[in-house]
């Protein structure tokens, strides 16, 4: 992490969906300041590729609200272990 982090605050919500062959879903919600909006939008493709490169990746959806500065990612993984391993790679990039 740099001295000027990209994300001001973030929270993680995760759950397992046993009805879909044990897949694991994660929702990460974060808030950025207004001057960082363009930076976030510019990083969407980079983060999409980063998610897709991780073991067990199934889907990712990036969401955002420019007015409130709240953004998030909803990702689906083959297992909880895959999601946690990916988080160790992805979270430091925020």
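The values are calculated or read from the model by the stated rules, or taken from the named source; none is laboratory data. The structure displayed is predicted, hence computed values, not measured ones. Glycine also receives a Cβ, built like all others from the backbone with ideal geometry; neighbour counts cover every protein chain displayed.
Some values worked out for this structure:
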| read-out | value |
| --- | --- |
| Extreme residue, farthest from the chain's Cα centre (by Cα), among residues of the stretch 1-26 that are surrounded by 15 or more Cβ atoms within 10 Å (Cβ to Cβ) and modelled with pLDDT of 70 or more | 23 |
| Some residue of the stretch 49-57 being more than 11 Å from the chain's Cα centre (by Cα), at pLDDT 85 or above, assigned to a loop (DSSP other than H, G, I, E, B) and surrounded by 16 or more Cβ atoms within 10 Å (Cβ to Cβ) | yes |
| Single condition residue 29 does not satisfy, out of (1) closer than 12 Å to residue 94 by Cα; (2) touching a helix residue (DSSP H, G or I) at 6+ places or on another chain (Cβ under 7 Å); (3) at pLDDT 80 or above | (2) |
